[in-house]
1. I'm checking my understanding of the structure. Among residues of the stretch 105-163 that are basic (Lys, Arg) and in a helix (DSSP H, G or I), which one is farthest from MET306 (Cα to Cα)?
2. Residue by residue through the stretch 164-186, note down the ones that are part of a helix (DSSP H, G or I) and either without any contact (Cβ under 8 Å) to a residue 24 or more places away in the chain or surrounded by fewer than 20 Cβ atoms within 10 Å (Cβ to Cβ) (or both).
3. For LEU225, only one of the following conditions fails: (1) under 16 Å from the mean Cα position of the chain (by Cα); (2) outside any loop (DSSP other than H, G, I, E, B); (3) among the aliphatic types (A, V, I, L, M). What is its number?
4. In the stretch 245-281, which residues are farther than 20 Å from HIS294 by Cα and hydrophobic (A, V, I, L, M, F, W, C)?
5. If the requirement is being over 20 Å from GLN233 (Cβ atoms) and assigned by TED's automatic domain parsing to the domain that holds PHE271, which of these qualifies: ARG180, ARG160?
6. Failed condition for SER132, given (1) surrounded by 14 or more Cβ atoms within 10 Å (Cβ to Cβ); (2) small (Gly, Ala, Ser); (3) not assigned by TED's automatic domain parsing to the domain that holds ARG293, with all others met?
7. When the residues of the stretch 81-95 are filtered to those that are of a type outside the set (D, E, K, R) and buried (at least 19 other Cβ atoms within 10 Å of the Cβ), which remaining residue is farthest from the chain's Cα centre (by Cα)?
8. Identify, from the list LEU286, LEU322, the residue that is more than 18 Å from VAL114 (Cβ to Cβ) and either modelled with pLDDT of 90 or more or not hydroxyl-bearing (Ser, Thr, Tyr) (or both).
Amino acid sequence: MTAVPLHVQFRACARQGGSLGAVLRTAALADGLQHTDTAARTTLVASAPTEVHDLLYMRVRDLVSLPEHCPADMDGFGLRAPDVLVLEAGSSAAQLSALARQGTTVIERFDGSVDDEDGQPIACRVYRSDGSVRVISGEARMLLDPALEHLRSSRKPTNRPPRELLILLGAGHHPVAELRIAEELAPLACTLDRIDFVTGFQSSSAHRRQLGRLLPTARILPGVLRPGALLAQADLAIVAGAAVVREAACLGTPALLLSCSDKDLPHDVAFAAHGSARHLGHHEALYPGLLARHIKALDAAELSLMAARGPALIPGAGFALLLQSVRTTVAVRAAKLTRKVSVAAL
């Protein structure tokens, strides 16, 4: 009996008027899995309305090197169903159960912004062919980019006050919050060695120029598909969004956490209580000087403690553990590891 790589298919759908962030993060996860020791044959199927198809195609192509001739195959490159299907949260339970009855283990992925009955953040729901549904919760089981573990090993020790700063408010469009942060950081800019300011995927060039005028020494980056490398380099990150704050914790990057919407507040407060991030409240509550005071108050001892608590909370092996639990073996020659990507227009 020879273990055969699992066929793991990722599916995501961009919606009219919505952010491409969720689809692009799914693409990043698919690509990240391909660059680990996990024995998996990965395919990605991303769909979008016709009017945003070309933009999505270019973004995904830049991330995972799409082939020259890319078929629009929403069934996943052939008739054979994948062993594991990973979907963004949002499909009905009936639809997911129907997919599972075809023999595929269906994983509905969450980012920690939804809690289970015990108040623990949900990492995913697993739908099996026998009709059972397993809820997997807890920070340690979050399905983050599998490449984060490797990036963490290259992170330099936190033994000084912050000199290299990253601002990353997730994939969404938060122009008001970004401008407020830029205004707050302007007096500090000359005291920092580096400022990387990552805007949302759909930020305008005019907005980025405005940020550049407020922070002329900063590098303004229009949407980063996989922020792990930037997070690993920073002494301190100003972050928002359930996925980003968890990536920072996994890497051991101390963070100042802002809430960009009312619904995020209770989850952000609960996460910050673990000690890897300070919660600053809603971005609209930032008053002049608050952000600067928090940055100046962080000494090397507190930063080191925050850096240690993050990886202890989120080791980053959630995907590997989950796939190990659903692994199957067949008595055939091991298949060659491949990666295929489809971007289909609805």
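1. Here the answer is ARG141.
2. PRO175, VAL176, LEU179, ARG180, GLU183, ALA186
3. The number of the failed condition is (2).
4. CYS250, LEU251
5. ARG180
6. (1)
7. PRO82
8. One residue alone meets the criteria, LEU286.
The values are calculated or read from the model by the stated rules, or taken from the named source; none is laboratory data. A quick note: this is a predicted structure, and the numbers were derived from the prediction, not measured. Note that we place each Cβ from the backbone using ideal geometry, even for glycine, and neighbour counts take in every protein chain shown.
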